[in-house]
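Asks: What follows is a structure written as structure tokens; I'll ask about it next.
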Amino acid sequence: MQAGTTPRHTAGTSAGILAGLASGALWGLSFVAPRMASGFAAMDVTAGRFITYGLVALGMMAWGLHTRRLPTLRQFLAALLLSLLGFTGYYLLLVLAIRDMGVAMPALIIGTIPVWVMLLGKPRGLRWAALLPGLVLTVAGLLLMADVPSAGQGGAGQELHFWRGLALACGALVSWTAFALFNAAWLKRHPEVRATEWANWLGVATGLGGLVLWLLAGTPAAELAATPGIAFFLLLCLAIGFGSSWLATILWNIASQRLSASLCGQLIVSETLFALVYSFAWDGHWPAPAQWAASVLFTLGILASIKAHR
């Protein structure tokens, strides 16, 4: 233990790390969900997840209204903006990317968020040269993985889908990186707001965004209800709306309150690793050698970044 570090501080840091890892495990489910609901439009998957999140959050707010306060207008506007960056807009881009290029590559691209959060939220006193090993390893893993989706696939149409998916995944990367930085900064400035409160406020804002998305571009209710597999789709929306959204957001807020933005960002690697595990389990096969190698390089890159941060 370093000088000046109290047991309470150490316990708080450990709890923050565990909360961040748990949120990553829950977020990993959202990567494989579009594959599981392949018979439904990307917009419906996105809207279903976030409308469910909004309903859960609204129910929790109503249940504890006598002990919890409502957000001010300024707080709700902040929640609305952050919900667009970290939930509705981000996940729509991600779902579209997964439809174009599968799970593995978008998962690895999103997995570089820890590096970007570290670069943009670098603590003072940390040398840029210390970050170089992690960056090199991560980029090497991504370059190796980039060849996997196109292996054995010819044709200009499929190539177009790959590059379009790559652009969408990068857009999702930018969106969530901004959310991670702004959300952590907001929570640090408002320690009086509890993690559950902020998750509920974000949830209501996200639910409104999901409803707007569905009304503008979603499948009409009657047509959606007649789609084969609708019962499974609704259960899936409940699982990712409650687990991958509401519960994961509470855990992430706990991590954001107890850890620095750059250290907190490193924990997002658990989302990528769980997403890959869930994807391979769903497909029923082991990763290809290139995928193994890319995952190892990627993980080593994150570990190098964590070491540099310490």
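The values are calculated or read from the model by the stated rules, or taken from the named source; none is laboratory data. Since the structure is predicted, the reported quantities are computational estimates derived from the model, not experimental observations. As a convention, Cβ positions derive from the backbone with ideal geometry for all residues, glycine included, and neighbour counts pool all protein chains shown.
Asks: Among the residues of region 29-66, what is the count of those that are more than 17 Å from Leu234 (Cα to Cα), surrounded by fewer than 24 Cβ atoms within 10 Å (Cβ to Cβ) and either among the aliphatic types (A, V, I, L, M) or touching a Cys at 6+ places or on another chain (Cβ under 6 Å) (or both)?
Replies: 5
Asks: (1) under 15 Å from Val139 (Cα atoms); (2) modelled with pLDDT of 80 or more; (3) surrounded by 14 or more Cβ atoms within 10 Å (Cβ to Cβ): which one isn't true of Phe274, the others all being true?
Replies: (1)
Asks: Within the group Gly265, Gly284, Gly301, which residue is more than 13 Å from Gly24 (Cβ to Cβ) and surrounded by 24 or more Cβ atoms within 10 Å (Cβ to Cβ)?
Replies: Exactly one of Gly265, Gly284, Gly301 is more than 13 Å from Gly24 (Cβ to Cβ) and surrounded by 24 or more Cβ atoms within 10 Å (Cβ to Cβ), namely Gly301.
Asks: Give me the pairs, please: first residue somewhere in region 17-37 and more than 11 Å from Phe274 (Cα to Cα), second residue anywhere and small (Gly, Ala, Ser) and part of a helix (DSSP H, G or I), beta-carbon distance under 6 Å, and either six or more positions apart or on two chains.
Replies: Here the result reads Ala19/Ala255; Gly20/Ala255, each pair linking region 17-37 to a residue that is small (Gly, Ala, Ser) and part of a helix (DSSP H, G or I).
Asks: Here are Arg99, Arg164: which of them is out of contact with any Ser or Thr (no Cβ under 9 Å at 6 or more places or on another chain) and either modelled with pLDDT of 85 or more or surrounded by fewer than 23 Cβ atoms within 10 Å (Cβ to Cβ) (or both)?
Replies: Matching residue, one of Arg99, Arg164: Arg164.
Asks: Another question about this same structure. Just checking, how many residues over region 76-117 are in contact with a His (Cβ under 8 Å, 6 or more places away or on another chain) and farther than 24 Å from Leu297 by Cβ? Show your work before the answer.
Replies: Quick first cut of region 76-117, residues in contact with a His (Cβ under 8 Å, 6 or more places away or on another chain) only: 100-101.
Narrowing further to those that are farther than 24 Å from Leu297 by Cβ: none.
So the answer is 0.
Asks: Identify all residues within region 65-101 that are assigned to a loop (DSSP other than H, G, I, E, B) and touching a residue at least 60 places away in the same chain (Cβ under 8 Å); write none if there are none. Explain how you work it out, then say what you get.
Replies: From region 65-101, those assigned to a loop (DSSP other than H, G, I, E, B) are 65-72; that's our starting set.
Arg68, Arg69, Pro71 - these are the residues of region 65-101 that are assigned to a loop (DSSP other than H, G, I, E, B) and touching a residue at least 60 places away in the same chain (Cβ under 8 Å).
Asks: Additional query: When you scan region 277-298, do you find a residue that is under 13 Å from the mean Cα position of the chain (by Cα), assigned to a helix (DSSP H, G or I) and within 30 Å of Asn200 (Cβ to Cβ), even just one?
Replies: Within region 277-298, the first condition is being under 13 Å from the mean Cα position of the chain (by Cα), and the residues that meet it are none.
Looking for residues that are under 13 Å from the mean Cα position of the chain (by Cα), assigned to a helix (DSSP H, G or I) and within 30 Å of Asn200 (Cβ to Cβ), one finds none in region 277-298, hence no.
Asks: Still on this structure, I have one more. Just one of (1) under 20 Å from the mean Cα position of the chain (by Cα); (2) closer than 19 Å to Ala42 by Cα trips up Leu234, so point out which.
Replies: (1)
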